[in-house]
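Accompanying notes for the structure given below.
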Amino acid sequence: MAFLVDPTRPPGPLMAPPGVYAPQADTFLLARALYREGPAPGMDVLDLGTGTGTLAICAARKGARVTAVDIAWRAVLTARLNALRSRQRLTVHHGDLLEPVRGRSFDLIISNPPYVPTPPSEPSVGRGRERAWNAGLDGRAILDRICADVPRVLRPGGVLLIAQSGLSGTDETLDRLAESGLRATVGDRAYIPFGPVLRSRLPWLRESGRIAVREENEELVIIRAERTS
């Protein structure tokens, strides 16, 4: 079980079975940013890469109409089950990023995508549980697609919230979103000890110059990008 604290409601249990990304530091940081945006009745919210459905459920609790997408069937089924257990209404699609929501637009889009730099010895985009974090040599296999494609489905005044690691290029994301016509800033930062995946890759990360020899913490950021026209 995993638990997420909603400041206005008691925590509730969410299932996170093997193979589905369990809520952790980046999820909680993104949830805080989500609450600040004030999802409310009448708003259309999209959660890309929903995993357990945690963030989608947070938005639904505030009354928003929520659509969630994940490429992994196990995640789709988990999100649907968690929504039922939480007594929240979600529409959860199986598919690749925006493919299942063609022709639609949204007021708020949230995403905690795979963003971990992946050594050449491993699949650049994983399968199974690795799919939740493997994101190519620079960690940008999914981030770049989001930056390029998501702006076209944001309504005027709409907001995109993305979680990522500093290791996958915060400035690169800001620049790409600006090129797509959004006003992008870093809304939140947090520093956490390297988790199991990054610890297993420390020799490669250090040898390739991606982290300093004595570096022991990962920077997490939430990027907020707004469509102003």
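The values are calculated or read from the model by the stated rules, or taken from the named source; none is laboratory data. What you are looking at is a predicted structure, and each value in this text was computed from that prediction instead of being measured. Don't worry about glycine lacking a Cβ; one is built from the backbone with ideal geometry, like all the others, and counts go over all protein chains shown. The area values use the complete protein model at the heavy-atom level, side chains included, leaving out ligands, DNA and RNA. Shrake-Rupley method; radii C 1.70, N 1.55, O 1.52, S 1.80 Å.
Can you give me the angle between helix 170-179 and the longest principal axis of the chain, using Cα atoms only, in degrees from 0 to 90, rounded to the nearest 10? Helix 170-179 sits roughly 50 degrees off the main axis of the chain. Taking amide hydrogens as placed 1.01 Å from N in the peptide plane, the amide H of Glu218 sits under 5 Å from those of Ile192, Phe194, each at least 5 positions away in sequence or on another chain. Extension gain, Arg87-Val197: 0.36 nm per intervening residue step, less the Cα-Cα distance, totals 36.3 nm.
Between Arg74 and Ala148, the FRET efficiency from the beta-carbon distance, with R0 = 30 Å, is close to 0.65. Helical runs assigned H by DSSP (4 residues or longer) give the chain a calculated mean residue ellipticity at 222 nm of -8000 deg cm²/dmol, each run adding -39500 (n - 2.57) before division by the residue total. Under the criterion of Cα pairs below 8 Å and six or more residues apart, the relative contact order for the chain equals 17 percent. In terms of its Cα atoms, the chain spans 50, 41, 31 Å along the principal axes, sorted from long to short. How long is the gain from Asp175 to Ser208 if the chain were fully straight, where each residue apart is worth 0.36 nm and the alpha carbon distance is subtracted? Net length gain for the segment: 9.5 nm. Site-free segments of the chain were taken between GluC sites (Glu not before Pro) in DSSP loops having at most 14 other Cβ atoms within 10 Å, sites themselves excluded; the longest one is 1-214. Rolling a 1.4 Å probe over the heavy atoms of the protein chains gives segment 118-182 an accessible area of 44 Å² per residue. Amide hydrogen proximity for Val92: with H placed 1.01 Å from N in the peptide plane, the residues at 5 or more positions away or on another chain lying under 5 Å are Ala68. For the chain, the Cβ-based charge dipole about the Cα centre amounts to some 860 debye (Lys, Arg positive; Asp, Glu negative; other atoms uncharged). For Asp138, the shell of other residues with beta-carbons less than 11 Å away shows a net charge of 0, using +1 for Lys and Arg and -1 for Asp and Glu.
Loop-located chymotrypsin sites (Phe, Trp or Tyr not before Pro) in segment 55-142 (DSSP state other than H, G, I, E, B) with a sparse environment of at most 16 neighbouring Cβ atoms within 10 Å are absent. Placing +1 on the Cβ of every Lys and Arg and -1 on the Cβ of every Asp and Glu, with nothing else charged, gives segment 35-161 a dipole about its Cα centre of roughly 580 debye. Comparing Ser121, Pro100, Ala148 along the charge dipole axis of segment 76-158, the residue lying farthest to the positive side is Pro100, per the Cβ-charge model. Using a Gaussian network model of the chain in which every pair of alpha carbons under 10 angstrom is joined by a spring, one finds that among Pro119, Pro203, Pro39 the greatest mean-square fluctuation is at Pro203.
Placing unit charges on each Cβ (+1 for Lys and Arg, -1 for Asp and Glu) gives the chain a dipole about its Cα centre, and among Gly51, Leu177, Gly166 the Cα reaching farthest toward its positive end belongs to Gly51. Helix 73-86 sits at what angle to the longest principal axis of the chain, using alpha carbons and giving 0 to 90 degrees rounded to 10? Result, in degrees: 50. Compute the acute angle (0 to 90°) between the alpha-carbon long axis of helix 25-37 and the principal axis of greatest extent of the alpha-carbon atoms of the chain; round to the nearest 10°. Relative to the chain, helix 25-37 is tipped by roughly 40 degrees.
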